[in-house]
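Remarks on the structure that follows.
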Amino acid sequence: MRTAYYFVVELRRALFYRPSETRRAFDALYTAAEDPWRYGAEPTAAAHHPVALRLLDRHLPPGSTAFEVGCGEGVFTSLLSSRCEVVIASDVSTVALDRLRRRDLANVKPMVWDARTTPPGGSFDVVVCMDVLSYVHRPASQRSTARNIARLVAPGGLLLVSEKNQDELVESAWWARLLRRGARNVAGNLHRIDRELERVAEDTGGDHLTVVYRRGDQT
């Protein structure tokens, strides 16, 4: 019965997903409270951040350029900026980006970008996308969003994707792959969407699945 319940919930989300309301919804979320994800109040909420940094430290060369998708108020951005020469930090919410600017990070350039739209020009040594794709509830739209994000990765560059694990009944359900639900389907199989991506590392720490992909070197 619980599996059927989750299926109905996720199917309704896919059917009634309204992309046009995304920016308004996230602006409202950040306007209602600072740190809406409670990274400061609940240490476990950001437990996947050190996991992501550990994976990046193994594979990311010094002096790299980075693009962060869904940076929010810049909690992870500040950690990423200490490891990269330049970080383009994008989010759909202008309220969140205003708070990022208050951090006054010299090598961080905020950018308003909805990842469902055409990606900005340029390519980067590392692209970071944490807790973003699972908010795109329509399967076809999530796949096209993932392709947009992957296009930002330079040849030989890295893509780090992290998504929160859902209930095991969702993660293992037959319908989860069709609806692109569960961390395994959202974060764990981007190499099936972009064949030039190769999985090089993964970690399940901090209640998230975090995966690092490398784009094939085309030179």
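The values are calculated or read from the model by the stated rules, or taken from the named source; none is laboratory data. Keep in mind that this is a model prediction, so the values were computed, not measured. No Cβ is skipped: glycine too gets one built from the backbone with ideal geometry, and neighbour counts run over all protein chains shown.
Here are the numbers for this structure:
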read-out	value
Residue match in region 113-126 (condition: surrounded by 20 or more Cβ atoms within 10 Å (Cβ to Cβ), modelled with pLDDT of 95 or more and under 19 Å from Trp37 (Cβ atoms))	yes
Residue within region 91-100 that is closer than 21 Å to Ser144 by Cα and aliphatic (A, V, I, L, M) present	yes
Yes/no for Val200 being touching a residue at least 40 places away in the same chain (Cβ under 8 Å), more than 21 Å from Leu15 (Cβ to Cβ), of a type in the set (Val, Ile, Thr) and buried (at least 21 other Cβ atoms within 10 Å of the Cβ)	no
First in region 137-164 and within 12 Å of Val127 (Cα to Cα), second anywhere and among the β-branched types (Val, Ile, Thr) and surrounded by fewer than 18 Cβ atoms within 10 Å (Cβ to Cβ), Cβ under 6 Å, 6 or more apart	Ala146/Ile193
Flag if Arg177 is at pLDDT below 95 and either on the phi < 0 side of the Ramachandran plot or out of contact with any His (no Cβ under 8 Å at 6 or more places or on another chain) (or both)	yes
Condition broken by Ala89, with the remaining ones in (1) under 23 Å from Val200 (Cβ atoms); (2) buried (at least 17 other Cβ atoms within 10 Å of the Cβ); (3) without any contact (Cβ under 8 Å) to a residue 60 or more places away in the chain satisfied	(1)
For Arg192: the one exception among (1) at pLDDT below 95; (2) buried (at least 21 other Cβ atoms within 10 Å of the Cβ)	(2)
Any hit, region 118-131, residues being over 21 Å from Leu197 (Cα atoms), in a loop (DSSP other than H, G, I, E, B) and within 14 Å of the chain's Cα centre (by Cα)	no
Those residues of region 1-59 which are farther than 30 Å from Gly157 by Cβ and basic (Lys, Arg), in sequence order	Arg2, Arg12, Arg13, Arg18, Arg24, Arg38
Members of region 195-219 that are of a type in the set (D, E, K, R) and at pLDDT below 95	Arg195, Asp207, Asp217
Tally of residues being of a type in the set (A, V, I, L, M, F, W, C), in a helix (DSSP H, G or I) and more than 16 Å from the chain's Cα centre (by Cα) across region 161-219	5
Qualifying residue in region 114-124 (condition: under 24 Å from Ala154 (Cβ atoms) and hydrophobic (A, V, I, L, M, F, W, C))	yes
Residue ranges of helices (runs of 4 or more DSSP H) in region 6-91 with at least 2 members touching a helix residue (DSSP H, G or I) at 6+ places or on another chain (Cβ under 8 Å) and over 15 Å from Met130 (Cα atoms)	22-32
Lone unmet requirement of (1) surrounded by 15 or more Cβ atoms within 10 Å (Cβ to Cβ); (2) in contact (Cβ under 8 Å) with a residue 60 or more places away in the chain for Arg2	(1)
